[in-house]
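To keep things clear, I will list the structure first and then write my remarks on it.
The values are calculated or read from the model by the stated rules, or taken from the named source; none is laboratory data. If you're wondering where the values come from, they're calculated on a predicted model, not measured in any experiment. Here the Cβ positions follow ideal geometry from the backbone for every residue, glycine too, while neighbour counts run over all protein chains shown. For accessibility, only protein heavy atoms count, side chains too; no ligands or nucleic acids. Shrake-Rupley method; radii C 1.70, N 1.55, O 1.52, S 1.80 Å.
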Amino acid sequence: MSKQQRTAIEPTREQNYAEWYQQVIKAADLAENSEVRGCMVIKPWGYAIWENIQKVLDGMFRETGHRNAYFPIFIPKSYFEKEAEHVEGFAKECAVVTHSRLEPDGKGGLVAAGELSEPYIVRPTSETIIGASFAKWVNSYRDLPLLINQWANIVRWEMRTRLFLRTTEFLWQEGHTVHENYEDAMLETKKMLNVYADFAQNYLAIPVIQGEKTEGEKFPGAVNTYCIEAMMQDKKALQSGTSHFLGQNFAKSSGIKFQNREGESEFAWTTSWGVSTRLIGALIMAHSDDNGLVLPPKIAPSHLVIIPIFRSEEERTEVMKLAEEIQAELKNCYFEDIRIYTELDDRDLTSSERNWYWIKKGIPLRIEIGPRDVASGTVMLARRDKEPRDKVPVPVTELKTAIVSTLSGIQASIYQKALSFRDENIVRIDDHQEFYKFYTPKNANQPEIHGGFAFSPWCGSVACEEKIKTDLKVTVRCIPFENQLEDGKCVCCGQDSKLRVIFAKSY
Ligand SMILES: [Zn+2]
């Protein structure tokens, strides 16, 4: 590799994908590991991405009739125990609060004291604590549907953590709703899955497959779990959002009863659904390249950086004048429904250093302004989704229009690129041997490299699901809503199969 071709991120995706991911986060200054094991510090550029995700999703929840509320971070152990499957699913990753204060230990340190009569669980999800409130709020069919969302932090004691993808504490939203009957609750579950798919595709520029989880992969305590699954650039799947139909399970354990239209008391039907800071991990892995982060403009914290270039004080004056004029013109300017934010980087660094700084952060557009540009009335515009050296001249008078249309263009082209990549790597496989070959590493040094998503027949048995998981570390990601009904032979056991499902390695 010649010197000119060196990339900003080392190793490259090809050399070591997992390490590349960490280096992209570091180079973009999104987040870092904290001193607290498994917990991350989200830095301003990373947090701004989360705030944009929140802003858009919150608008979508509001549009679909939901309202935000907030519930306690602590859940009494007894609440948790009421739903057997639920407690079993989360028991191994709970942080438990057992004491209420600290006392001197007599050796200059402190010791926990004031043991609680009942321990509290730091919420790993809030069905049970929210259910306790809902039981009080819901009395009659007139109180339904009850459509609530909470933005909160969550704790799940993970043994192996990775920034954004799996952390002990993370940020998320959890929707919790109560309905009169099966149909309404099921409708809500699927409606919110659609909201997630819409958001992933139209804002994060990540194509997703919608489907249902198998019995073994569903949320503990749910009747059905639906999900959106995305393909990352290493061809692994990332579950990017889930929506659960809880039936009457949690209504029974929390006592959510209502008087129906016939005047009889019955248990309500509930749903829950959530997405988390994991979506930032998905963004990074779906779009970024060997020069760092690539952000879809609709979710980028900032859209354009102006890099003034000058050698003398005289040049500085004229270049900065134009730079500030351009920045002022772009104030209160929108592309589609997104407000454009700009940066003016006049730090005492070379133009190359400033360019690379912003390339690694994934800012969608860069313009350089030098004395010659001031004279010609033209600036050079560069797109993050193109090669760093690709720049096009744009007359200053047409700049605003060019920026607005280029941002939409980048959004569309990033999505198309991710879509083509995914579609090229979903393969219909009907043969057992071919299936195993598809997931067998070709190179021992790169055990993670494999074929992608297999769209294959599965007989529906847990035994086959388990065998494939043990042999290949491959799981059924979902039973997709589209094209799943098809007669075939299970790729594991060869028995008759009525379903075609998405298999993949996953995060
Ligand atoms: Zn089978």
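Determine, for each peptide in 160-167, 346-353, the mean count of other beta carbons within 10 angstrom over its residues, then list the peptides with the highest first. All intermediate terms of the calculation are to be shown ahead of the outcome.
Values: 160-167: 18.9, 346-353: 11.5.
Ranking, from highest mean packing down: 160-167, 346-353.
Give me the lysines in straight-line cross-link reach of LYS191: C-alpha distance below 16 Å, same-chain residues under 8 apart excluded.
Within the straight-line limit of under 16 Å, LYS191 reaches no lysines at all.
Can you divide the C-alpha Rg of the chain by 2.2 N^0.38 Å and report the result to two decimal places? Working shown, then result.
Numbers: Rg = 25.9 Å, N = 507, 2.2 N^0.38 = 23.5 Å.
Cα-based Rg divided by the globular estimate yields 1.11.
Under 8 Å for C-alpha pairs, at least 6 residues apart: give me the relative contact order for the chain, rounded to a whole percent. Intermediate values should be presented prior to the final figure.
On the way: 1011 pairs, mean separation 67.9, N = 507.
Relative contact order, the chain: 13 percent.
What angle do you read, to the nearest 10 degrees and between 0 and 90, between the alpha-carbon axis of helix 351-361 and the longest principal axis of the chain?
Once rounded, the angle reads 10 degrees.
What shape does the stretch 17-287 have by the C-alpha gyration tensor, where a ≥ b ≥ c are the square roots of the eigenvalues, rounded means a/c under 1.5, and otherwise prolate means a/b greater than b/c and oblate the rest? Kindly include the intermediate steps, with their values, before the conclusion.
Values: a/c = 2.00, a/b = 1.11, b/c = 1.79.
It comes out oblate by the Cα gyration axes.
Provide the FRET efficiency to the nearest 0.05 for the GLU264-TYR182 pair, computing r from the beta carbons and using R0 = 25 Å.
Efficiency, from the Cβ-Cβ distance: 0.95.
Name the long-range amide H neighbours of VAL275: under 5 Å, sequence gap of 5 or more, or other chain; modelled H, no Pro or chain starts.
Here the answer is GLN173, since their amide H atoms fall under 5 Å of that of VAL275.
May I ask you to evaluate 6.51 cos²θ - 1.76 cosθ + 1.60, the Karplus curve with θ = phi - 60°, for each residue of the stretch 236-244 and list the ³J(HN,Hα) values in order in whole Hz, giving x for glycine and proline?
8, 8, 10, 5, 10, x, 9, 9, 10
So which GluC sites (Glu not before Pro) in the stretch 195-272 are both in a DSSP loop and have at most 15 other Cβ atoms within 10 Å of their Cβ?
Values: sites: GLU212, GLU215, GLU217, GLU229, GLU262, GLU264, GLU266; in loops: GLU262, GLU264.
Here the sparse-neighbourhood loop sites are GLU262, GLU264.
Treating the stretch 59-218 as a set of equal point scatterers at the Cα positions, no solvent, please give the Debye-formula log₁₀ I(q)/I(0) at q = 0.16 Å⁻¹.
The computed values of log10 I(q)/I(0) come out as -1.16.
Hey, got the Cα dimensions of the stretch 426-504 along the principal axes, in Å, largest first?
If we take the Cα atoms of the stretch 426-504, the spans are 38, 23, 18 Å.
Report, in deg cm²/dmol and to the nearest 500, the calculated mean residue ellipticity at 222 nm for the chain, where each DSSP H run with n ≥ 4 adds -39500 (n - 2.57) and the sum is divided by the residue count. Numbers along the way, then the final one.
On the way: 14 runs with 170 residues, N = 507.
Per the formula, -10500 deg cm²/dmol.
Taking the highest mean first, how do the peptides 380-386, 107-113 order by number of other beta carbon atoms within 10 angstrom per residue?
380-386, 107-113
Please determine, in degrees from 0 to 90 and to the nearest 10, the orientation of helix 44-63 with respect to the longest principal axis defined by the Cα atoms of the chain, where the helix direction is its Cα long axis.
Value to nearest ten degrees: 60.
Could you calculate the contour length gain from CYS333 to LYS467, that is, 0.36 nm times the residue separation minus the distance between their Cα atoms, to one decimal place in nm?
Numbers: separation 134, 0.36 × 134 = 48.24 nm, distance 5.53 nm.
The CYS333-LYS467 span can extend by a further 42.7 nm.
Any idea what angle helix 462-472 forms with the longest principal axis of the chain, computed on alpha-carbon atoms, 0 to 90 degrees, nearest 10?
40
How high is the relative contact order of the stretch 449-495, given as a whole-number percent (alpha carbon pairs under 8 Å, six or more residues apart)? Working shown, then result.
On the way: 27 pairs, mean separation 25.1, N = 47.
About 53 percent, as a whole number.
Which order do you get for THR397, THR12 if you rank them by accessible area with a 1.4 Å probe, largest at the top? All intermediate terms of the calculation are to be shown ahead of the outcome.
Details: THR397 130, THR12 15 Å².
Most to least solvent-accessible, the answer reads THR397, THR12.
Arranged from highest to lowest average of other beta-carbon atoms within 10 Å per residue, in what order do the peptides 24-36, 236-248 appear?
On the way: 24-36: 17.9, 236-248: 23.4.
Averaged packing, sorted descending, gives the order 236-248, 24-36.
Leaving out ligands, DNA and RNA, what percent of the accessible area of the chain is carbon and sulfur, probe 1.4 Å?
Details: 11760 of 23970 Å².
Of all accessible area on the chain, carbon and sulfur atoms account for 49 percent.
For LYS92 and GLU424, calculate 0.36 nm times their separation in residues minus their Cα-Cα distance, and state this gained length in nm to one decimal. Mind showing how you got there, number by number?
Values: separation 332, 0.36 × 332 = 119.52 nm, distance 3.83 nm.
Once the chain is fully extended between LYS92 and GLU424, it gains 115.7 nm.
Going down the table (LYS360/LYS391; LYS92/LYS190; LYS473/LYS498; LYS218/LYS361; LYS82/LYS498; LYS190/LYS360), which pairs top 26 Å between alpha carbons?
LYS92/LYS190; LYS218/LYS361; LYS82/LYS498; LYS190/LYS360
Leaving out ligands and nucleic acids, note down the accessible area per residue over the chain with a 1.4 angstrom probe, in whole Å². Don't skip to the answer; put the middle values down first.
Details: 23970 Å² over 507 residues.
Averaged over the residues of the chain, the accessible area is 47 Å².
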